[in-house]
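The values are calculated or read from the model by the stated rules, or taken from the named source; none is laboratory data. Please read all numbers here as calculations on a predicted model, not as lab measurements. Glycine also receives a Cβ, built like all others from the backbone with ideal geometry; neighbour counts cover every protein chain displayed. For the accessible areas, the whole protein counts, side chains as well, though only heavy atoms, and no ligand, DNA or RNA atoms are used. Shrake-Rupley method; radii C 1.70, N 1.55, O 1.52, S 1.80 Å.
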Amino acid sequence: ILAEKPLCQTLQEYESLTALAGQSGVPIHIDFARQALDFYQLIHDKTKDATSKSLYAHFPGGMVCIGIHMLALATWLLDAKTFKIIRSGCGKVHEAKRSGFFDLSGHITLVINDTMLVHLVATEKEEIFSVGITTEGSAFTVFEFAQKMLRADAAKNITLHDIAIPLTSRLTGTLVMDFERNGKFTLLPDITQSYLAHKILFEYLKTHNL
């Protein structure tokens, strides 16, 4: 099963679906497609052995619709095992994506694995979409709308790279071919791998009575 995100509305529902997937032997994968993009795979590969990491993201669309994507990206890039929300806030509730669909602006700061800082800011309007990760030896900043990436290394070299974010239809085709070739989705996380991102979101919403 390939599911949209967030998968459900509560942590209890998520845990029930995880148990059902395990009992039935039917895998559930979540459409966190950034993990399938080559430049994020490069960042993951180049930073996976770093002992010190921090991540920030500034994005439009809201804490739920896009925020869950950023949480999934952060937990993947930082190999998250634990988290603690140290500060958060919510702003204006707004209609998003389509009529009758609502989201909210807001921010969240959390610590991953006791040492790694993550800061996410969601805005209502489409302005800047940037994601940055810094380690003791490198730094990457992705500008998704501009389709550019800055890369810095310990030798103080800074380079600008073009990146490609494919149309949804083309990316879907890539994922389908991945499934046909491997008999499973290897480019997308499954329900177990996506658990922590959903748990953070649900805790954030509960904190703000949403």
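A few comments on the model shown:
- Among (1) open to solvent by 30 Å² or more (accessible area, probe 1.4 Å); (2) modelled with pLDDT under 95; (3) part of a helix (DSSP H, G or I), the one test that L175 misses: (1)
- Test result for A80, in a helix (DSSP H, G or I), open to solvent by less than 40 Å² (accessible area, probe 1.4 Å) and not charged (D, E, K, R): no
- The residues of segment 95-119 that are under 15 Å from H208 (Cβ atoms), without any contact (Cβ under 8 Å) to a residue 40 or more places away in the chain and either open to solvent by less than 40 Å² (accessible area, probe 1.4 Å) or not in a strand (DSSP E or B) (or both) amount to a single one, T109.
- Qualifying residue in segment 179-202 (condition: in a helix (DSSP H, G or I), closer than 15 Å to A33 by Cα and at pLDDT below 90): yes
- Just one of the listed residues (V26, V64) is in a loop (DSSP other than H, G, I, E, B) and open to solvent by 40 Å² or more (accessible area, probe 1.4 Å), namely V26.
- Of all the numbered requirements in (1) among the polar types (S, T, N, Q); (2) over 19 Å from the mean Cα position of the chain (by Cα); (3) open to solvent by 50 Å² or more (accessible area, probe 1.4 Å), Q9 misses one, and that requirement is (2).
- Any hit, segment 120-141, residues being within 22 Å of K199 (Cβ to Cβ), open to solvent by 30 Å² or more (accessible area, probe 1.4 Å) and not basic (K, R): yes
- The residues on offer are T159, T168, and the sole one that is closer than 24 Å to P60 by Cβ, surrounded by fewer than 18 Cβ atoms within 10 Å (Cβ to Cβ) and free of Cβ contacts under 8 Å to residues at least 12 places away in the same chain is T168.
- Look at (1) outside any strand (DSSP E or B); (2) surrounded by 15 or more Cβ atoms within 10 Å (Cβ to Cβ); (3) in contact with a Leu (Cβ under 9 Å, 6 or more places away or on another chain) and you find that L42 fails only one, number (3).
- Considered as a group, the residues in segment 67-77 that are open to solvent by less than 10 Å² (accessible area, probe 1.4 Å) and hydrophobic (A, V, I, L, M, F, W, C) include one that is nearest to I43 (Cα to Cα), and that residue is L77.
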